[in-house]
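Below: one structure, written as structure tokens.
The values are calculated or read from the model by the stated rules, or taken from the named source; none is laboratory data. The shown structure was predicted, so the numbers you read here are calculated from the model rather than taken from an experiment. Note: ideal-geometry Cβ built from the backbone for every residue, glycine included; neighbour counts use all protein chains shown.
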Amino acid sequence: MTTLVGRHIGRYRILEQLGSGGMSVVYKGLDTALDREVAVKVLHPHLAGKDESRRRLAREARAVAKLHHPNILEVFDFSAADAQDAFIVTEYIRGQTLKTFLDEGPMDPPELAAMVIHELAAALAHAHEAGVIHRDLKPENVMVREDGVLKLMDFGIARLMDIEERMTVTGTLVGSPAHMAPEIIEGLEAGPTADVFSVGIMFYAAMTGRLPFSAPNTTATLKRILDGDYEDPRRRVPALSDALADICATCLQRDPQRRYPDAARLRDALADHLAGLGFARVGEELVSFFADPASYRKLARRRIVATLLERSERQVAEKRAPRALASLNQVLALDATNARALALLKGIQRAQRIKTWRRRGLRLGVGVAAAGLLGLGGWKARHANDAEATPSPVTTAPGGAAATPPAPDVPAGIVPTPPPGDGAPAAGGKELAGRPGTPQPPRPAAPGARPAKSATPPGALAPRTESAPAVGGAVRAGAARPSAEDEESPRKPLVRKLPVSILVRPYGSIRVDDGAISSQPLQKHDVEVTPGRRTVTISCDYCEDVVDTIDVQPGGDNVFHLRAQPKASRLSVDFEPAGAQVRVGDQLRSAAESVKDPFEIRSPRGPAGFQHTVVVEISHPGYVPERRVVHLRPGDPTTLRGSLRPE
């Protein structure tokens, strides 16, 4: 393709070539009407000559031009259907691609990669809500601006080429097939989940420094994607937490139904994880990181280690050893000699050894008890056989009648102790007759009871005490009975409080039921409450009070994700001429009217941050229209001032 440098395309003067691909050439240009630098992407003739491609270009450009997000490249203009060249005009970014940055190595610690993917997911979420699918996510299509802000480019452009073209043209928009979702390879329609899959590939690559499905050739790469064959990233990155590995794995599911349904869910999952580590303002963190990567890495590692140590200590106190061990493993991967972590680990291991010894002791005790019961059972069987074989002797009372000798001094209802040997004479030289009081079979001890020491000869039945209940739970005469008051008023069991984590997006103070409000507005609150349904009130300086309900269950994780509601902002546009029409979203009024009756701008509930961004479009016949991006603070009034330039 012949270079266009020095020529004009419409009102845009082409200054220099920035890059070239199989689909287009990108130039730096000057908008001569607005006197600003722009980027002009000009399609190659083999695409520009196709009517269908031009129609797709116009359709996609219109859709993307409606997207206004801090992390999405702004589309300013596009070519008319009858123009000689097919082109798209966007904002010009000074910086480097994310690919250039990732070529230097993986992002360490992995939470930095999570921050980058969070920002991209936030941009994609905005696009998905507007019905726009990117379809060509890869590091080459992400710019890192000089101030550290990420910009996602080339929304929807992949639709300009059919799947066959994208697979056969070298260096096309798709670039490497290693970033393609399985459904795109199969020629199916790509939805939001296809973008989620491609973001998962970028996430994996940013953490490990290599693509998950890379292979020696394109065919092998596509097969690995279709088979879902990739290495667990934790094998390459010991400091990678299970939570981040699970988020990445959810993105890379072969079945689209098992992935996050859209980028908003991915964004929220990453935001909750990062907020729990103290990284709530992700955009600001990345600005600091890209300004000085080496210094920021050291600081980030120290912050993560400190947070994980506090979490481990809390989990140990709550007797949640497996979770504490997972946190400590990550700490030691980041800082192998951390004395505090090693001491905690040693304490957990000691507690586990004690627990193991107790389990072994219990098993030994159960074995001994079982052996004792078996011995008693044998004695019972032998004694019963002997009793059947021996006739019961009787004494003769005066007058020749059989008489029963007086029983020993044994309280009523008590079985007397058997003779010291089978068939031996009873005390006083007489044998016991077969009557109530004849030696009875032994009664088994209550479960868990320890055998009491006794002087009773082996094999004999010890006398029961007055307070012991009879077999089957019957109460003997003279035994203590529970009072009627005790029977009617059973003791109420104590209700144990459970540990609960409440994650507030973006952050806020909480009050559970009628309790005290938390001392600080945080992203993560760890509290203890009793089981059941509880009301949580969220409040902060920038948000309205919101009441949510949580259901605390015994045995559950009890982690709840709640969202703050930012206060409405009021925006006035003080522009000349006063009759200029001002549009903010779906609201339209004149500049003069907006001063008297400001626009009321409401943020969505649970935003990534409390700063809200809106696009203001100002126009008037005979004047050059303007579009301004305004950052609003919830609850605060804002006035945008300026004037339109005559045409």
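Listing for the model above:
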{"item": "Unmet requirement for Arg62, which otherwise passes all of (1) surrounded by fewer than 19 Cβ atoms within 10 Å (Cβ to Cβ); (2) under 41 Å from the mean Cα position of the chain (by Cα); (3) in contact (Cβ under 8 Å) with a residue 24 or more places away in the chain", "result": "(3)"}
{"item": "Search result, residues across segment 40-72 that are touching a Gly at 6+ places or on another chain (Cβ under 7 Å) and more than 16 Å from Arg627 (Cα to Cα)", "result": "Val40, Glu60, Ala63"}
{"item": "Output for segment 508-527, where each listed residue is surrounded by 16 or more Cβ atoms within 10 Å (Cβ to Cβ) and more than 13 Å from His561 (Cβ to Cβ)", "result": "Ser509, Arg511, Val512, Ser518, Pro521, Leu522, Val527"}
{"item": "Residues of segment 216-251 classified as in contact (Cβ under 8 Å) with a residue 12 or more places away in the chain and not in a helix (DSSP H, G or I), total", "result": "11"}
{"item": "Number of positions in segment 37-59 that are more than 24 Å from Ala123 (Cα to Cα) and either in contact with an Asp or Glu (Cβ under 7 Å, 6 or more places away or on another chain) or in contact (Cβ under 8 Å) with a residue 24 or more places away in the chain (or both)", "result": "9"}
{"item": "Among (1) over 42 Å from the mean Cα position of the chain (by Cα); (2) over 14 Å from Gln84 (Cα atoms); (3) not in a strand (DSSP E or B) - the single one Arg56 does not satisfy", "result": "(1)"}
{"item": "Restricting segment 79-113 to residues that are crowded, with 20+ Cβ neighbours inside 10 Å and either assigned to a strand (DSSP E or B) or of a type in the set (D, E, K, R) (or both), the residue that is nearest to the chain's Cα centre (by Cα)", "result": "Glu111"}
{"item": "Complete set of residues in segment 240-254 that are of a type in the set (S, T, N, Q) and closer than 19 Å to Ala178 by Cα", "result": "Thr250, Gln253"}
{"item": "Matching residues in segment 252-266 - criterion: being of a type in the set (S, T, N, Q) and either in contact with a His (Cβ under 7 Å, 6 or more places away or on another chain) or part of a helix (DSSP H, G or I) (or both)", "result": "Gln257"}
{"item": "Elements of type strands (runs of 3 or more DSSP E) contained in segment 577-640, each with 1 or more residues being within 24 Å of Asp77 (Cβ to Cβ)", "result": "581-584, 587-590, 612-619, 626-632"}
{"item": "Number of positions in segment 531-574 that are modelled with pLDDT of 90 or more, exposed (fewer than 14 other Cβ atoms within 10 Å of the Cβ) and of a type outside the set (A, V, I, L, M, F, W, C)", "result": "7"}
{"item": "Hey, Ala269 under 17 Å from Ala206 (Cα atoms), assigned to a helix (DSSP H, G or I) and free of Cβ contacts under 8 Å to residues at least 60 places away in the same chain or not", "result": "no"}
{"item": "Segment 1-50, residues that are assigned to a loop (DSSP other than H, G, I, E, B) and either surrounded by 15 or more Cβ atoms within 10 Å (Cβ to Cβ) or among the small types (Gly, Ala, Ser) (or both)", "result": "Leu4, Gly6, Gly10, Gly21, Gly22, Met23, Ala33, His44, Gly49, Lys50"}
{"item": "Any hit, segment 530-542, residues being outside the structural domain of Arg641 (by TED's automatic domain parsing) and of a type in the set (A, V, I, L, M)", "result": "yes"}
{"item": "Residue satisfying condition, being surrounded by fewer than 24 Cβ atoms within 10 Å (Cβ to Cβ), more than 26 Å from Ala333 (Cα to Cα) and among the β-branched types (Val, Ile, Thr), within set Val132, Val142", "result": "Val132"}
{"item": "Residues of segment 211-226 classified as exposed (fewer than 14 other Cβ atoms within 10 Å of the Cβ) and within 26 Å of the chain's Cα centre (by Cα), total", "result": "0"}
{"item": "Ala568 vs. criteria of a type outside the set (Phe, Trp, Tyr) and free of Cβ contacts under 8 Å to residues at least 60 places away in the same chain", "result": "no"}
